[in-house]
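Below you'll find the structure, written out as structure tokens, and then a few comments.
The values are calculated or read from the model by the stated rules, or taken from the named source; none is laboratory data. Please read these numbers as outputs of a predicted model, since none were measured by experiment. Glycine also receives a Cβ, built like all others from the backbone with ideal geometry; neighbour counts cover every protein chain displayed. Please note that ligands, DNA and RNA were not included when accessible areas were found on the heavy atoms of the full protein model with its side chains. Shrake-Rupley method; radii C 1.70, N 1.55, O 1.52, S 1.80 Å.
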Amino acid sequence: AQAKSELLAHLDHLLKNSSVQQFVDLTDQYLSIYYDDVDVLLYLARFNYSLGDMMEASAVYRLINSYAYSAEQIRKLRQSVGVFIGEVDVYYTASSDFYELITIYTELDSNGLLQPRHQLAFAKVYLSQGNTLGAMALLKRLKNQSEVASSVRVLMNEIELKEEEEIVPV
């Protein structure tokens with residue numbers, strides 16, 4: 001337990017000081033032995049994010065999802081993914097790179113890593129890009145989720161009203 005605590009503290013130090021090669025060497029060595037260590041993998045996801053490699057970070061989250069069994073590990077994963085999605089959404093929205101944002105959302109959603117509030121945000125990105133079918137598919141999955149149900153109903157009503165306005169009688 002003491003060695004693990006020191007390892008995590010050292011990884012945190014390397015991450016904060018941008019010691020890329022040392023971080024890579026240490027995590028490679030450690031994960032070659034303890035490949036399913038959720039805590040170290042979470043650092044690896046943060047590391048990939050810090051380098052701007054969002055797709056690699058989301059791939060690490062997918063890997064963590066397959067190894068997270070305890071309630072504490074799942075809590076850490078959800079918390080980390082929540083922070084990641086929030087930052088990625090802000091970054092790609094500000095740069096108007098919606099293709100990359102949709103790709104990351106799709107990757108995380110296909111692996112069951114999106115919480116209802118993230119799925120709602122994903123649906124809104126689809127709508128901003130004119131993909132009503134993709135947005136409605138997500139919203140239909142969410143309509144019974146108490147956390148976002150009222151927002152989902154409002155959004156679905158707006159979409160239906162907009163579609164009715166676009167229908168032109170022959």
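Picking from Thr27, Gly82, Val60, whose Cα lies most toward the positive end of the charge dipole for the range 1-91 (charges on Cβ: Lys, Arg +1; Asp, Glu -1)?
Value: Gly82.
Hey, any idea what % of the range 98-170's accessible area is carbon plus sulfur with a 1.4 Å probe?
The C+S portion of the solvent-accessible surface of the range 98-170 is 52 percent.
With +1 on the Cβ of every Lys and Arg and -1 on the Cβ of every Asp and Glu, and nothing else charged, how large is the dipole of the chain about its Cα centre, in debye rounded to the nearest 20? Let's see the in-between values first.
On the way: 14 positive and 23 negative charges, 103 e Å.
In total the dipole reaches around 500 debye.
Relative to the longest principal Cα axis of the chain, at what angle does helix 54-67 sit, 0 to 90 degrees, rounded to 10?
70
At a threshold of 8 angstrom on Cα-Cα distance, excluding pairs fewer than six apart, so keeping six or more, what relative contact order does the chain reach in percent?
Computed value for the chain: 12 percent relative contact order.
If I fit a long axis through the Cα atoms of helix 149-166 and take the longest principal axis of the Cα atoms of the chain, what angle between them do I get, 0 to 90°, rounded to 10?
It works out to around 40 degrees.
At 7 Å along Cα-to-Cβ for each site, give me the label-to-label distance between Gln145 and Ala71 in nm.
In this crude label model, Gln145 to Ala71 measures out at 2.2 nm.
Could you work out how far helix 20-33 tilts from the main Cα principal axis of the chain, as a 0 to 90 degree angle to the nearest 10?
Around 80 degrees separate the two axes.
Give the accessible surface of the chain per residue, rounded to a whole number of Å², with probe radius 1.4 Å and ligands, DNA and RNA excluded.
Per residue, the chain has 59 Å² of solvent-accessible surface.
Lys/Arg Cβ at +1, Asp/Glu Cβ at -1, dipole of the range 92-167 taken about the Cα centre: which of Ser95, Val154, Tyr126 is farthest positive-ward?
Val154
Which value in deg cm²/dmol, rounded to the nearest 500, describes the helix-derived mean residue ellipticity at 222 nm for the chain, given -39,500 (n - 2.57) per DSSP H run of n ≥ 4 and division by the residue count?
-26000 deg cm²/dmol
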